[in-house]
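Just below is one structure, and these are the notes that go with it.
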Amino acid sequence: MKQNITSIKYILLFIIEMFNIYKLGGTTIGNYKYYKNIIKLAKNNSLFVVSAINTNTKAEGTTTQLLDIYNNWNNYKDYNYNNILNEKPFKNLISSHEYLENKLNIPNNSKNILEDNFYKWKQKSDINNFVSLGELMSAHILHNFLKKNNIESNVIDLQDILIDTNINLSNSKYRENVIDIMKERLDYEYSGIP
């Protein structure tokens, strides 16, 4: 385990040295008008950390919608994917993402991401999988937008890299800043982004 942590430390040091790291909050990533500025940032060897999109208010944001679905999961667990899309919470979740995708003139992939994760939810319904879907959907929207603008892009889901079942990622302490998560998990003395 110690060797894995040491390897992760070196990877993080490499990332911090090689990239300009930008955190895009829910309002920024959720408003198509900000994307022209994102293009400017993306041309500077950038790494983006994205939040789930917000619509007009936090009360209507993606994370709130996902938490509502999670808290009412017993109402949906016997559904299949096609008929769950007719339920209001899922319609709202998809429509806000499709609106943004249409404004940016990029493919509507939000339904596909929801479908891919729906069956995971049916097998293991933990809150981290539900809440993290918002960030994953945002990352794919940004990725498709950058590709459309001929900017090389990849999506990396940190859940595929860093797994610790003792940390509840839905806790706001951990959602505030990915760099703080890394410091805490790796016991790394961080002096700032270059």
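The values are calculated or read from the model by the stated rules, or taken from the named source; none is laboratory data. Remember, predicted model here, so these are calculated numbers, not experimental data. Neighbour counts run over all protein chains shown; Cβ positions are idealised from the backbone, glycine included. Surface accessibility is based on the protein's heavy atoms, side chains included, excluding ligands, DNA and RNA. Shrake-Rupley method; radii C 1.70, N 1.55, O 1.52, S 1.80 Å.
Of all residues in segment 29-62, those satisfying the criterion of being part of a helix (DSSP H, G or I) and either touching an Asp or Glu at 6+ places or on another chain (Cβ under 7 Å) or at pLDDT below 85 (or both) are Lys58, Ala59, Glu60. Pairing each residue of segment 102-129 that is under 13 Å from Ile69 (Cβ atoms) with any residue that is surrounded by 13 or more Cβ atoms within 10 Å (Cβ to Cβ) and modelled with pLDDT of 70 or more, provided the two are 6+ apart or on different chains, yields C-beta distances under 6 Å for Asn117/Leu133; Phe118/Tyr81; Ser125/Trp73; Ile127/Tyr70.
Of all the numbered requirements in (1) of a type in the set (S, T, N, Q); (2) at pLDDT below 90; (3) more than 19 Å from Asp68 (Cα to Cα), Asn144 misses one, and that requirement is (2).
For Ser153, the conditions (1) surrounded by fewer than 14 Cβ atoms within 10 Å (Cβ to Cβ); (2) modelled with pLDDT of 85 or more are fulfilled apart from (1).
Taking the listed residues Ile69, Ile15, the one that is in contact with a helix residue (DSSP H, G or I) (Cβ under 7 Å, 6 or more places away or on another chain), outside any loop (DSSP other than H, G, I, E, B) and either at negative phi or polar (S, T, N, Q) (or both) is Ile69, with no other qualifying.
For segment 66-107, a residue qualifies if it is open to solvent by less than 30 Å² (accessible area, probe 1.4 Å) and either under 30 Å from Tyr22 (Cβ atoms) or of a type in the set (D, E, K, R) (or both), and the qualifying residues are Leu66, Ile69, Leu93, Ile94, Ser96, His97, Leu100, Glu101, Leu104, Ile106. One residue is enough: does segment 94-106 have a residue meeting the conditions at pLDDT below 85 and either among the aliphatic types (A, V, I, L, M) or not in a helix (DSSP H, G or I) (or both)? Within segment 94-106, not a single residue is at pLDDT below 85 and either among the aliphatic types (A, V, I, L, M) or not in a helix (DSSP H, G or I) (or both). Between a first residue in segment 26-37 that is of a type in the set (Phe, Trp, Tyr) and a second residue that is open to solvent by 80 Å² or more (accessible area, probe 1.4 Å) and part of a helix (DSSP H, G or I), which pairs have beta carbons less than 8 Å apart while being 6 or more apart in sequence or on different chains? The qualifying pairs are Tyr32/Lys103.
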